[in-house]
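Down below is the structure, laid out as structure tokens.
The values are calculated or read from the model by the stated rules, or taken from the named source; none is laboratory data. All of these numbers come straight from a predicted model, not from anything done at the bench. Virtual Cβ from ideal backbone geometry, glycine too; neighbours counted across all protein chains shown. These area figures cover heavy atoms from the full protein model, side chains too; ligands, DNA and RNA do not enter into them. Shrake-Rupley method; radii C 1.70, N 1.55, O 1.52, S 1.80 Å.
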Amino acid sequence: MKLTKSIQWVVLMIVITVAIASCQSTPSYMRGDSIQAANSLRTDCRDIEHVMGKTKVCGQPQRIVVLGPYLLEPLLALNVQAVAFADQGSFHRHDYTDPSKQIPYIGLRITQPMVNVGLVYAPSIEAILKVQPDLILGLDINNTRQYATLARIAPTLILKWTEPDMNLKAIAKAVNRSDQAEQILKEKQQQIATARQVFSSVVKTSPNLLLLSSSDLKEIFLVTNKHGLCSSLPQDLGFELVSPPQLPRNPKAPFVPISLETLPQLGQADMVIFLGNNFSKPNQLKQASNFEDSQLANLKQAWSKSAIAQSLNVSKSGKVYFIPTYICLGLPGSIGADLYLNELKKQILPTSE
């Protein structure tokens, strides 16, 4: 089935990327082989494996360019700042002089202005050259075609979007913070284990969860096990994901289209979580503080006006919850897990009391 524009934006969020540039002492105009030759003369270097092979990163990268929140998140989790950033949508078209108001959620963790280097899937090479990066990080889905060009500017890692934990470790190795990465992963698992106990009473009485994604109910997608943090965190808490009987046990697509009319057939669901999105007019986002409303307003309104939706038992019992898709798709690491978990606690736990 052909995806419409709104869902294409969701898929675009899945492939959210970061670019980082490495070896500050190396001029940005050098050829890739010259960079490798310069690196080979240094002793404080690490060979880092990634999708495109191995890249040598030397010294302590200081000028990091980030192409998207997906990889900016682990960088900030390691308490490392970037000098430039490219978002997955045209939320902000100028330099990031006030990131806390210009970048949703993680902008609050940014302590310095950043240069805007375009969009994740079409970064401005000229803008990247101007900031003289010393490490570049990108994602396999967005940046493999640009790898040769980026690698001539600075050591470049192309990471896999389906492996956020491995990405954290690779970035940590590049910035000499591997021990910190291991601690972050350990703390995340401890946090989830604790949360599982907190949610145990809810799971006992309402174990079956229907996890959906939509922008305005015109198209609805079932979120599957192939959807990373979005589906894994609820399951880690003990919930069982509900799916139509005719659906293959292991569907290949992360999103499986279903119709509004089929929802009454999923009566075994004890609750519904809608992952909402609205990227039809990203340039209308004025401040990051308005982001959640901009993502969910159309979906909530459509749900409240739908006779089918309101006829469902989950609607009558007040067990339909709305969370921005961006939280778990755009931020699939420790920061996103914390945000997602807090939303689940805030929305679900009070209803059980």
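The residues in the stretch 105-125 that are assigned to a loop (DSSP other than H, G, I, E, B) and either small (Gly, Ala, Ser) or over 15 Å from Leu71 (Cβ atoms) (or both) can be counted, and the count is 4.
Got at least one residue in the stretch 246-255 being outside any strand (DSSP E or B) and either touching a Phe, Trp or Tyr at 6+ places or on another chain (Cβ under 9 Å) or at pLDDT 90 or above (or both)? Yes. Filtering the stretch 286-332 to residues that are aliphatic (A, V, I, L, M) and in contact with a strand residue (DSSP E or B) (Cβ under 9 Å, 6 or more places away or on another chain) leaves Leu296, Ala297, Leu299, Ala302, Ala309, Leu312, Val314, Val320, Ile323, Ile327, Leu329.
The listed residues are Val11, Val15, and the only one of them that is of a type outside the set (Ser, Thr, Tyr), open to solvent by less than 20 Å² (accessible area, probe 1.4 Å) and modelled with pLDDT under 90 turns out to be Val15. When you look at Thr149, is it of a type in the set (S, T, N, Q) and in a helix (DSSP H, G or I), yes or no? In short, yes. Does Ile141 satisfy the criteria of being among the β-branched types (Val, Ile, Thr), open to solvent by less than 40 Å² (accessible area, probe 1.4 Å) and closer than 27 Å to Phe91 by Cβ? It is false that Ile141 is among the β-branched types (Val, Ile, Thr), open to solvent by less than 40 Å² (accessible area, probe 1.4 Å) and closer than 27 Å to Phe91 by Cβ. Here the stretch 266-288 is the region considered, the condition is being surrounded by 12 or more Cβ atoms within 10 Å (Cβ to Cβ) and assigned to a helix (DSSP H, G or I), and the residue that is modelled with the highest pLDDT is Leu266.
Remark: pairs (first residue in the stretch 306-325, over 15 Å from Ser215 (Cα atoms); second residue exposed (fewer than 12 other Cβ atoms within 10 Å of the Cβ) and not small (Gly, Ala, Ser); Cβ separation under 7 Å; 6+ apart in sequence or on different chains) = Ile308/Glu261. Looking only at residues of the stretch 223-237 that are outside any helix (DSSP H, G or I) and either open to solvent by less than 40 Å² (accessible area, probe 1.4 Å) or small (Gly, Ala, Ser) (or both), we find that the one that is farthest from Trp161 (Cα to Cα) is Leu237. Looking at the stretch 118-139 only, could you name the residues that are under 19 Å from the mean Cα position of the chain (by Cα) and closer than 13 Å to Tyr96 by Cβ? Of everything in the stretch 118-139, just one residue is under 19 Å from the mean Cα position of the chain (by Cα) and closer than 13 Å to Tyr96 by Cβ, namely Gly118.
Of everything in the stretch 310-332, what is part of a loop (DSSP other than H, G, I, E, B) and open to solvent by less than 10 Å² (accessible area, probe 1.4 Å)? Give them in sequence order.
The answer is Gly330, Leu331.
The helices (runs of 4 or more DSSP H) located wholly in the stretch 158-205 that include 2 or more residues which are acidic (Asp, Glu) and open to solvent by 80 Å² or more (accessible area, probe 1.4 Å) occupy 178-198.
Matching residues to (1) open to solvent by 20 Å² or more (accessible area, probe 1.4 Å); (2) over 21 Å from Glu126 (Cβ atoms); (3) not in a loop (DSSP other than H, G, I, E, B):
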position: Lys56; (1), (2), (3): yes, yes, yes
position: Gln60; (1), (2), (3): yes, yes, no
position: Val65; (1), (2), (3): no, no, yes
position: Tyr70; (1), (2), (3): no, yes, yes
position: Glu73; (1), (2), (3): no, yes, yes
position: Gln81; (1), (2), (3): yes, yes, no
position: His92; (1), (2), (3): yes, no, no
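Note on the stretch 137-175: residues that are under 14 Å from Ala77 (Cβ atoms) and among the acidic types (Asp, Glu) total 1.
Only one of Leu229, Leu185, Leu168 is within 15 Å of Cys328 (Cβ to Cβ) and of a type outside the set (Asp, Glu); which?
Leu229
Kindly evaluate Ser28 against the criterion of being assigned to a loop (DSSP other than H, G, I, E, B), of a type outside the set (Lys, Arg) and modelled with pLDDT under 75. So Ser28 fits the description; yes. Residue check: Arg109 meets all listed conditions (1) modelled with pLDDT of 95 or more; (2) crowded, with 19+ Cβ neighbours inside 10 Å but one, namely (2). Would the stretch 255-264 turn up any residue that is free of Cβ contacts under 8 Å to residues at least 24 places away in the same chain, open to solvent by 30 Å² or more (accessible area, probe 1.4 Å) and β-branched (Val, Ile, Thr)? For the stretch 255-264, residues free of Cβ contacts under 8 Å to residues at least 24 places away in the same chain, open to solvent by 30 Å² or more (accessible area, probe 1.4 Å) and β-branched (Val, Ile, Thr): present.
Considering (1) open to solvent by 50 Å² or more (accessible area, probe 1.4 Å); (2) within 16 Å of Asn278 (Cβ to Cβ); (3) without any contact (Cβ under 8 Å) to a residue 40 or more places away in the chain, the lone condition that Asn298 does not fulfil carries the number (3).
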